[in-house]
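Asker: One structure follows; several queries about it will come next.
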Amino acid sequence: MKASQVNTGVSLKMSQSSQKFSSTGTQATRVIGVLAIVVMAWVVISGLVFTPADVVQGESVRIMYVHVPSAWIAYLAFIVTAIASSFYIFAKRHSLGFDRVAGASAEVGVMFMAITLITGSLWGRLTWGEFWQWDPRLTTTAFLFVTYIGYLAVRRLDGSIEQRARRSGVIALLAVLEIPLVHFSVVFWRSLHQRATILDPNGDVKMDGLMLFTLFSGVVAFTLVFAWLVLHRQRTMLLSDLSNERGLDNAILARQSENASN
Amino acid sequence: MPSEKVVDFKDVVIVYDNFPAVAGATFSVDKGEIVLLQGPNGAGKTTLLRACAGLLPIARGTANVLGCDLSTNRVAVRSRVGLLGHANGLFQDLTVLENMLFWSRLVGATRQDVDQAMIAMGISGRLGETQVAKLSAGQRRRCALASLIVRRAQLWLLDEPHAGLDTQGRDELDRTLRAARDSGATVIFASHEIERARSLATRSLMVTTGMVKPA
Amino acid sequence: MDLTPRPETISPKRRRWMPIIVLSLVGIGGVIVVTQFLSSAIDYYCNVDEVGVRSGCDTANRLRVQGTVEQGSLAKSDNTTEFKLVFNGKSLDVVYSGDPGGVFQECISVVAHGRLVNGVLESNRIEVKHSNEYEAKNKDRLENSGSAACSQVQG
Amino acid sequence: MNQTPRSRVVSAVLTKDLRIEARSRVVTNQVLPFAGLIMIMFAFALDNDDVLQRVAGGLIWLATIFSLFVIVQRSFAIDTSDSALDSLRVAGIDLSAVFLGKAIALTLQLIALDVVLIAAAFLLYQVQVSAAGLVLLVTCVICATTGLGFVGTLYGGLTAGTTGRETLLPLLLLPVVAPVLIAATRATEAAFGSGGAATSEGWAWVGLLTIFAAVFGIGGSLAFGPLIDE
């Protein structure tokens with residue numbers, strides 16, 4: 001193991017300090033990665049070839065297989081961020097591992113939210129005739145997106161790692177309150193955007209069988225991609241924290257030997 | 001009383017701006033001491049004082065101040081210490097008296113405490129009605145010291161308290177610190193006025209490159 | 001001058017759950033205000049039967065009217081498209097300058113933007129409001145009788 | 001057990017912030033003209049009384065929110081310029097009281113600003129207001145500025161003393177204050193009767209403003225201490 005020299009004889013406050021890294025991959029992430037590729041391949045083929053065109057929308061309905069899962073996974077990512085942040089804030093021992101998960105999840109969530117907005121505006125152009133309309137669903141989604149860009153900016157503020165965790169944790173707990181507002185905006189108000197088909201409160205899903213199955217496959221594929229990305233990102237964050245810690249060890253030794261030479 | 005140790009540091013590392021400003025400091029201070037921290041610029045004196053006040057996180061080692069573990073309960077320390085840093089912590093647009101009354105209200109001091117402290121530091125009378133922005137550096141320092149006096153802390157932490165003061169002001173300050181010690185407080189201060197500081201201190205510590213040794 | 005250290009200040013124990021309970025009550029209040037009292041103001045469109053009836057759907061203002069394009073009412077000329085919007089038993093004539101294009105067709109829900117002039121909505125923008133139903137475009141259904149297809153699409 | 005009572009800390013911080021503003025007049029001499037300029041520029045740009053009367057409510061609140069960014073930064077610059085914030089941390093006081101004191105000071109400054117802006121709207125845009133509308137308008141201003149005061153103080157404390165806060169603060173605050181902008185605008189429009197809006201329509205929006213203020217008042221006083229305590 002090349003990486004075995006990491007953290008020799010240094011007590012680290014990191015949660016996974018005993019783990020040795022040669023890459024950020026493990027058996028589990030490899031399995032997730034392979035599964036993600038397989039399911040994604042099925043979604044692409046089924047979405048583009050097997051599924052029929054919609055009776056009204058025609059071919060543009062295929063955008064749905066990307067748009068809907070990415071929106072859901074963005075919500076999921078932000079909820080994961082909030083849960084991890086609350087674990088960091090409310091637990092007695094403020095474990096930085098939760099903060100890294102929160103940060104990693106928010107980064108991936110912002111990416112999925114961007115995909116949602118881009119695919120959504122393409123679909124809107126084809127169906128409504130407009131890229132963007134200031135209707136309740138679209139407006140609240142835009143606010144959610146900007147809020148989490150702000151969250152990521154707060155993580156980049158100067159200060160210690162603990163400060164970063166605390167500041168971003170507070171924002172994550174406030175920002176997650178927007179998600180129900182975004183999701184139910186189509187129920188609360190009349191919106192140009194259609195209501196949820198699959199999460200219909202009455203439970204009657206009005207969708208063609210193969211379309212529905214492809215959509216679910218899309219959700220599974222995107223969830224796997226999300227998990228894969230978060231696990232890796234969270235570990236690169238840990239590595240960067242560890243390397244800072246190692247840099248600190250060297251700096252301490254340098255500072256102490258500077259003392260001896262005087 | 002389990003221990004008379006007011007400050008107890010063991011192998012403490014304090015990181016400031018990704019730099020180990022304190023790199024393994026071990027020392028302790030007993031109740032009733034007046035301890036001088038001396039050493040060259042950039043040795044870590046200011047960082048040590050701020051850490052004792054509970055303002056900086058401890059990266060490594062164990063640090064205990066007034067019975068509070070700094071790595072777990074940094075905030076609890078703050079209600080028991082008084083800190084005079086490089087900056088004075090004054091509001092430029094307020095008068096000396098308004099500044100004093102603001103800080104005294106926060107810490108629960110009476111008007112009488114304020115008047116006495118202002119007389120002790122020689123900023124009472126007409127000077128009290130002057131805006132801080134119009135004062136000289138030495139007068140501001142006196143004002144900051146007066147607001148530290150009304151704090152009546154258990155542990156006094158002073159960073160270069162003599163800097164900028166005239167001889168008379170320095171004498172007043174030394175007298176006040178000795179009186180505080182006699183009333184049961186403990187004092188740690190950093191200074192470059194070695195002659196004067198040594199005569200005031202009961203013990204000196206040498207701080208060099210983030211380490212602490214007896215001087 | 002008294003310099004004796006002040007006795008230790010101990011912050012009183014705060015009940016940690018109270019603020020959270022209050023916060024959630026306030027949140028519930030927020031949801032009620034937003035959903036019960038503010039819906040008419042944030043709604044994107046008015047339905048055909050509400051024009052001139054509901055607050056926020058005044059005939060003097062520029063309107064966004066939602067309804068279904070009535071079957072057989074669509075008439076296209078060189079520069080205009082005329083059709084009837086129906087919803088909940090009421091209908092409204094719409095004159096649109098131009099060709100809506102896209103998936104616009106009879107029997108689907110649309111939102112038409114425009115002003116009412118003599119009881120006719122003069123529209124210059126039409127958005128297709130897609131329903132939350134997705135069904136396969138297959139031959140059988142296209143060959144169905146028109147009225148059956150129309151009732152299928154209406155949301 | 002002699003922790004300084006919260007009310008005393010709140011009033012000390014509040015009077016300190018207001019007194020400093022009364023002396024330095026940064027808000028009066030810089031923010032107020034800036035906000036007034038926004039109103040006048042629009043009067044020139046939209047040289048049409050109908051349109052101006054219609055958008056008056058929105059302009060008032062847009063100018064308020066732009067001013068909020070400046071006032072919040074000023075409010076924390078007072079405390080960070082000579083490290084007074086450090087002294088506040090070491091004073092062993094309940095920092096949620098500092099939050100309340102600063103938020104109330106901010107709210108009072110915003111109310112003063114809005115009074116001037118509304119007066120400007122009467123002069124420049126010829127808006128009208130009935131007695132019932134005036135009651136709605138006053139309530140709306142109080143509720144909206146309270147919410148803005150809380151949320152501004154929370155985010156101002158979060159970014160206080162960091163580099164790049166000038167640009168970060170609007171990025172963080174804008175999506176959060178958007179509901180206030182919408183609700184206060186609609187309530188003000190109802191009070192002015194712009195576009196035939198009825199006064200009664202405005203009260204639901206005031207309800208939303210009240211709830212916004214309550215959420216950030218409670219959330220802020222819980223979170224402010226841990227955020228500043230570093």
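The values are calculated or read from the model by the stated rules, or taken from the named source; none is laboratory data. None of the values given here were measured: they were computed from a predicted structure. Note that each Cβ is placed from the backbone with ideal geometry, even for glycine, and that neighbours are counted across all protein chains shown. The accessibility values were calculated without ligands, DNA or RNA, using every heavy atom of the protein model including side chains. Shrake-Rupley method; radii C 1.70, N 1.55, O 1.52, S 1.80 Å.
Asker: Heavy atoms only, probe 1.4 angstrom, no DNA, RNA or ligands counted: give me C:Ile32, A:Ile179 ranked by accessible area, highest first.
Answerer: The ordering from most to least exposed comes out as C:Ile32, A:Ile179.
Asker: Let me ask something additional. Just to make sure I understand: if all protein chains stay in place, what is the order of A:Glu59, A:Glu107 by accessible area at 1.4 Å, largest first? Display every interim value, and only then the final one.
Answerer: On the way: A:Glu59 115, A:Glu107 45 Å².
Descending accessible area places them as A:Glu59, A:Glu107.
Asker: What is the dipole size for chain B, taken about its Cα centre, with +1 at each Lys and Arg Cβ and -1 at each Asp and Glu Cβ, in debye to the nearest 20? Mind dumping the intermediate values first?
Answerer: Numbers: 26 positive and 21 negative charges, 38 e Å.
Its charge dipole is roughly 180 debye.
Asker: Considering only A:Thr51, A:Gly169, A:Gly218, whose Cα is most displaced toward the positive end of the charge dipole of the stretch A:26-241, charges sitting on Cβ of Lys, Arg (+1) and Asp, Glu (-1)?
Answerer: Selected residue: A:Gly169.
Asker: Let me ask another. Report the accessible surface area buried between chains C and D, summing both sides, using a 1.4 Å probe on protein heavy atoms only, in Å² rounded to the nearest 100.
Answerer: 1600 Å²
Asker: Which whole-number value in Å² is the accessible area per residue of the protein assembly as shown, probe 1.4 Å?
Answerer: Heavy-atom accessible area per residue stands at 43 Å².
Asker: Follow-up question, since we're still on this one. What residues of the stretch A:129-144 lose no less than 20 Å² of accessible area with every protein chain in place versus their chain by itself (probe 1.4 Å, heavy atoms only)?
Answerer: Those are A:Glu130, A:Gln133, A:Pro136, A:Phe143, which lose 20 Å² or more relative to the chain on its own.
Asker: Let me ask you something else. Might you work out the accessible area of B:Asp171 for me, using a 1.4 Å probe with all protein chains in place, and round it to the nearest 10 Å²?
Answerer: 70 Å²
Asker: Taking the Cα centre of the protein assembly as shown as origin, work out the dipole magnitude from +1 charges on Lys and Arg Cβ and -1 charges on Asp and Glu Cβ, in debye rounded to 20.
Answerer: 2780 debye
Asker: I've got another one for you. How much of A:Tyr88 can a 1.4 Å solvent probe reach, expressed as accessible area in Å² and rounded to 10?
Answerer: About 10 Å², rounded to the nearest 10.
Asker: Taking the Cα centre of the stretch B:128-189 as origin, work out the dipole magnitude from +1 charges on Lys and Arg Cβ and -1 charges on Asp and Glu Cβ, in debye rounded to 20.
Answerer: 140 debye
Asker: What distance in nm lies between label points placed 7 Å from Cα along the C-beta direction at C:Arg54 and A:Arg246?
Answerer: Here the modelled spin labels are 6.3 nm apart.
Asker: Compute the convex hull volume of the Cα atoms of the stretch C:41-118, divide it by the residue count, and report the result per residue in Å³ as a whole number. Mind showing how you got there, number by number?
Answerer: Numbers: hull volume 7.5 nm³, N = 78.
Expressed per residue, the convex hull around the Cα atoms of the stretch C:41-118 is 97 Å³.
Asker: Then there is this: Just list whichever of B:Lys5/B:Lys45; A:Lys92/B:Lys213; B:Lys45/D:Lys16 have alpha carbons separated by over 29 Å in the model shown.
Answerer: From B:Lys5/B:Lys45; A:Lys92/B:Lys213; B:Lys45/D:Lys16, over 29 Å: A:Lys92/B:Lys213; B:Lys45/D:Lys16.
Asker: Over the stretch A:99-166, how many percent of alpha carbon pairs lie in each 10 Å bin up to the one with the longest distance?
Answerer: Reading upward from the zero bin: 19, 41, 23, 13, 4.
Asker: Would you kindly state the longest site-free stretch of chain A, with sites defined as trypsin sites (Lys or Arg not before Pro) in a DSSP loop (not H, G, I, E, B) surrounded by at most 14 other Cβ atoms within 10 Å?
Answerer: It runs A:21-91.
Asker: Extending each Cα 7 Å along its Cβ direction at A:Ile118 and C:His113, get the distance between those two points in nm, one decimal.
Answerer: Each label point is offset 7 Å from its Cα along the Cβ direction, giving 2.6 nm.
Asker: While we're on this one: For chain A, would you read off the P(r) tail past 27 Å as a percentage of all alpha carbon pairs?
Answerer: 48 percent
Asker: Determine the total buried accessible area between chain D and chain A, counting protein heavy atoms only with a 1.4 Å probe; round to the nearest 100 Å². Each step should come with its number before you reach the end.
Answerer: Working: alone 11100 and 14650 Å², together 24210 Å².
Answer for the D-A pair: about 1500 Å² buried.
Asker: P(r) for the stretch D:6-229: what percent of alpha-carbon pairs falls in each 10 Å bin, starting at zero?
Answerer: Spelled out per bin, shortest first, that is 8, 34, 34, 18, 6, 1.
Asker: Another question about this same structure. Once you place label points 7 Å from the Cα toward the Cβ at C:Val120 and B:Asp30, how far apart are they in nm?
Answerer: 10.4 nm
Asker: At a 1.4 Å probe, what is the % contribution of carbon and sulfur to the accessible area of chain A?
Answerer: Of all accessible area on chain A, carbon and sulfur atoms account for 68 percent.
Asker: Determine the order of A:His94, C:His113, A:His67, B:His86 by accessible area, beginning with the largest, at a probe radius of 1.4 Å.
Answerer: B:His86, A:His94, A:His67, C:His113
Asker: Follow-up. Counting only protein heavy atoms and rolling a 1.4 Å probe, how much accessible area do B and A lose on contact, total for both sides, in Å² to 100?
Answerer: Interface between B and A: roughly 1200 Å².
Asker: With a 1.4 Å probe and every protein chain left in place, tell me how much accessible area C:Asp58 has, in Å² to the nearest 10.
Answerer: Here the accessible area works out near 70 Å².
Asker: Against the globular-protein guess of 2.2 N^0.38 Å, express the Cα radius of gyration of the stretch A:89-129 as a ratio, rounded to two decimals.
Answerer: 1.90
Asker: Please report the orientation-averaged projected area of the protein assembly as shown, defined via the convex hull of its C-alpha atoms, in nm².
Answerer: Mean projected area for the protein assembly as shown: 42.6 nm², to one decimal.
Asker: Determine the principal axes of the Cα atoms in the stretch B:5-214, then give the extent along each, sorted from largest to smallest and rounded to whole angstroms.
Answerer: Largest first, the stretch B:5-214 extends 49, 35, 34 Å along its Cα principal axes.
Asker: Taking only Cα atoms and a 10 Å spring cutoff, compute GNM fluctuations for chain A and point out the largest among A:Leu174, A:Leu144, A:Leu96.
Answerer: Residue with maximal mean-square fluctuation among A:Leu174, A:Leu144, A:Leu96: A:Leu174.
Asker: While we're here: Summarise the accessible area of chain B (1.4 Å probe, protein heavy atoms) by the percent that is carbon and sulfur.
Answerer: 49 percent
Asker: Do you know the relative contact order of chain A, to the nearest whole percent, from alpha carbon pairs under 8 angstrom that are 6+ apart?
Answerer: Relative contact order of chain A: 30 percent.
Asker: Cα axis of helix D:6-24 to longest principal axis of chain D: angle in degrees, 0 to 90, nearest 10?
Answerer: 60 degrees
Asker: If I build a Gaussian network model for chain A, linking alpha-carbon pairs within less than 10 angstrom, which residue out of A:Val43, A:Val61, A:Val101 has the largest mean-square fluctuation?
Answerer: Of A:Val43, A:Val61, A:Val101, the most mobile in the Gaussian network model is A:Val61.
Asker: Need the per-residue list for the stretch A:168-193: every residue with at least 30 Å² less accessible surface in the complex of protein chains than in the chain by itself, probe 1.4 Å, sorted by number.
Answerer: At a threshold of 30 Å² (probe 1.4 Å), the residues of the stretch A:168-193 that become less exposed are A:Val170, A:Ile171, A:Leu174, A:Phe188, A:Trp189, A:Arg190, A:Leu192.
Asker: Which of the three applies to the stretch B:65-177, rounded, prolate or oblate, going by the alpha-carbon gyration tensor with a ≥ b ≥ c and a/c under 1.5 meaning rounded?
Answerer: Working: a/c = 1.86, a/b = 1.56, b/c = 1.19.
The shape class here is prolate.
Asker: Kindly identify residues of the stretch B:70-85 having a loss of at least 40 Å² in accessible area between the isolated chain and the assembly of all protein chains, probe radius 1.4 Å.
Answerer: The answer is B:Arg78, B:Ser79, B:Arg80.
Asker: Any idea which of D:Gly157, D:Thr107, A:Trp228 is furthest toward the positive side of the dipole for the protein assembly as shown, if Lys and Arg beta-carbons carry +1 and Asp and Glu beta-carbons -1?
Answerer: Final value for the positive-end residue is D:Gly157.
Asker: I would also like to ask the following. When chain D is treated as a GNM, springs tying every alpha-carbon pair under 10 Å, which of D:Gly219, D:Gly152, D:Gly101 comes out with the largest mean-square fluctuation?
Answerer: Fluctuation is largest for D:Gly219.
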